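What follows is a set of notes on a single structure, which appears directly below.
The values are calculated or read from the model by the stated rules, or taken from the named source; none is laboratory data. Small disclaimer: the values here were computed from a predicted structure and weren't measured. Neighbour counts are summed over all protein chains in view; Cβ atoms, including those assigned to glycine, are modelled from backbone coordinates with ideal geometry.
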Amino acid sequence: MGDRPIIRVQHIVKSFGTIMAVNDVSFDVRPGEIFAFLGPNGAGKTTTIKMLTTLSRPTSGSLELDGLDVTTHQTAVRKRFGVVFQDPSLDSELTAWENMDIHGVLYHVPRHARRERCEVLLRMFELWERRDDLVKTFSGGMKRRLEIARGLLHTPKVLFLDEPTLGLDPQSRNQMWTHVRNLRATEGVTVFLTTHYMDEADRVADRIAVIDHGRLVATGSSAELKQQTGTDSLEAAFLALTGTTIRDESATAADQMRQVARVWRR
Amino acid sequence: MNVVFVLWLREVKKYLRSRVQIVASLGGPLMYLGVLGFGLGPVFQRAGEGSYLQFMAPGVIGMAVLFTAMFSGIAMLWDRQFGFLKETLVAPVPRLAIMIGRTLGGATVAVLQGTLIFVVTLIAGFRPVSVLTVPLAFLLIALIAVVFAALATAIGSTIKEMQGFQMVMNFLVMPIFFLSAAIYPLEGLPRVLAALTRVDPLTYGVDGMRGLLTGRAHFGVAFDVAVLVAVGVLFVAAGAWRFSKIEA
Ligand SMILES: Nc1ncnc2c1ncn2[C@@H]1O[C@H](COP(=O)(O)OP(=O)(O)OP(=O)(O)O)[C@@H](O)[C@H]1O
Ligand SMILES: [Mg+2]
């Protein structure tokens, strides 16, 4: 059983109207692996994580987590993962401590362990002194740190981290990756992460999948991707796989602006 | 169980922390009490209906409970916008527990606000006929609170935009208030209005309170309670169903 993939994604599609956010993607993640999901803005990374974390349903295709169908066994699946979302999900009208505590209760962490681990994590991310302050008084990076500390409060089988280090200083980033690697080593946690920092992915990930325009374009270790593309850094390999054009919303918005400008000039 | 409790506590804590909001939300009911209570008082008296303040105090309390309970639906939209809703939706707990915790929290806040207005009406000169029925009146306040907090949950789970909720406030909450006989008697109404008042759950809440606090109920307190319980069950079920369907 040990070799059964902990996450199995088969031919999933997610469309929003005419946009194919995820278009026939398949991959497996092995237990205990740190798996990086890379891709340019709007590639479909967050959409995939939302489907894997039961927040939205795929248009078609199948998703399995720990052998369970994600769309039909939602509660059982939710017991097995933890997630740090790309977008904020804290209650800014509560204190840091209260946010941690509610999370502990939601994830059935026993009271005593809850206290202890909240303290350890808040200290680790240097939020202990500010634990009784309302989150709305925190800086952006502090909020992000709290979000991560909260995500690490319980020990799930699979940890989803959607751009966890966005906006974090180097100290906090190091702290976080060290802790995540420890978790993997001691508890065998599988980590599924996305990031735009290629050096980070290169350093922590065992395997990498690259997605672009909703389609998977490559999978393999960092070394394999470099070899496949004949490049000597992950960043170069990433650019070789996904091209150098910008393709996020701002690009389309800029296109539209140009269109409008053209119309006006007439 | 713990889950229900922490989510309930969250709503109550946030209410107690928002002093400004508490004071601000006294404005509406106070205005009705002041302007209508004292403005229409003489006419009401001349029509042989007795003291208007006595009559409308339960209505104003009902109004405060209605508005505060419905406001918990807006709180849900905020939670959606600021992301906290997601945090609860992916947690390994039944959606029903989350929904119950939130709804009871919203209802509790509405009861607290209703209590505050109750005190204000007492200061303004409202006199319940008996002290003994006051605790029972709180049962009615609680029922009204649950009915509308559950309705707010159902609506908050369905509507995603703030503007949408603004519409709900204008086209649902205001009519619920004005059709509830909170500010006029149920006797001798034109037929259409009479029919409309009877499909408005708040009518029964206000009527029950009025029966208990002033001894003047149109339907009878037992009937009022029965209707509220039935509607409450229906709305909680609807809220639970809508909440279970949320995707983020
Ligand atoms: N709720 C939605 N409604 C419509 N389109 C959506 C929705 N969510 C995502 N999309 C679209 O799906 C595509 C993929 O978005 P997604 O958020 O998955 O990208 P991403 O890879 O996480 O990008 P980023 O690196 O910018 O976070 C984009 O084109 C986006 O506009
Ligand atoms: Mg994303």
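Quick notes on this one:
- Residue within the stretch B:38-56 that is surrounded by 24 or more Cβ atoms within 10 Å (Cβ to Cβ), assigned to a helix (DSSP H, G or I) and not hydrophobic (A, V, I, L, M, F, W, C) present: no
- Cβ-Cβ under 7 Å pairs, at least 6 apart or on other chains, the stretch A:2-20 side part of a strand (DSSP E or B), far side exposed (fewer than 12 other Cβ atoms within 10 Å of the Cβ): A:Val13/A:Ser60
- Qualifying residue in the stretch B:96-108 (condition: of a type in the set (A, V, I, L, M), away from chain A (no Cβ under 14 Å) and under 13 Å from B:Ala145 (Cβ atoms)): yes
- Candidate set from the stretch A:77-97 (those that are of a type in the set (Val, Ile, Thr) and more than 14 Å from ligand 2 (Cβ to nearest atom)); member that is surrounded by the fewest Cβ atoms within 10 Å (Cβ to Cβ): A:Thr95
- Counted residues, the stretch A:157-170 - those being in contact with an Asp or Glu (Cβ under 9 Å, 6 or more places away or on another chain) and either within 20 Å of A:Arg80 (Cα to Cα) or within 12 Å of ligand 2 (Cβ to nearest atom) (or both): 4
- Qualifying residue in the stretch A:52-59 (condition: more than 12 Å from chain B (Cβ to nearest Cβ) and in contact (Cβ under 8 Å) with a residue 12 or more places away in the chain): yes
- Any hit, the stretch B:7-23, residues being of a type in the set (Ser, Thr, Tyr) and either away from chain A (no Cβ under 14 Å) or over 20 Å from the mean Cα position of the chain (by Cα) (or both): no
- So A:Leu63, is it within 16 Å of ligand 2 (Cβ to nearest atom) and either at pLDDT 95 or above or part of a loop (DSSP other than H, G, I, E, B) (or both): no
- Candidate set from the stretch A:28-51 (those that are within 14 Å of A:Lys14 (Cβ to Cβ) and among the charged types (D, E, K, R)); member that is nearest to ligand 2 (Cβ to nearest atom): A:Lys45
- Residue among A:Ala218, A:Ala223, A:Ala240 that is farther than 16 Å from A:Gly82 by Cα, part of a strand (DSSP E or B), free of Cβ contacts under 8 Å to residues at least 24 places away in the same chain and not aromatic (Phe, Trp, Tyr): A:Ala218
- Failed item in (1) within 15 Å of ligand 1 (Cβ to nearest atom); (2) within 24 Å of A:Arg184 (Cβ to Cβ); (3) in a loop (DSSP other than H, G, I, E, B), with A:Val83 passing the rest: (3)
- Residues of the stretch A:19-48 satisfying the condition of being closer than 19 Å to A:Phe85 by Cβ and either within 8 Å of ligand 1 (Cβ to nearest atom) or polar (S, T, N, Q) (or both): A:Ala21, A:Val22, A:Gly39, A:Asn41, A:Gly42, A:Ala43, A:Gly44, A:Lys45, A:Thr46, A:Thr47, A:Thr48
- If you go through the stretch A:53-80 and keep only what is within 14 Å of ligand 1 (Cβ to nearest atom) and within 19 Å of the chain's Cα centre (by Cα), you end up with A:Thr53, A:Leu55, A:Ser56, A:Arg57, A:Pro58.
- First in the stretch A:81-108 and more than 7 Å from chain B (Cβ to nearest Cβ), second anywhere and of a type in the set (Gly, Ala, Ser) and not in a loop (DSSP other than H, G, I, E, B), Cβ under 6 Å, 6 or more apart: A:Gly82/A:Gly151; A:Val84/A:Gly151
- Test for A:Arg181: is it farther than 22 Å from A:Met124 by Cα and of a type in the set (D, E, K, R): no
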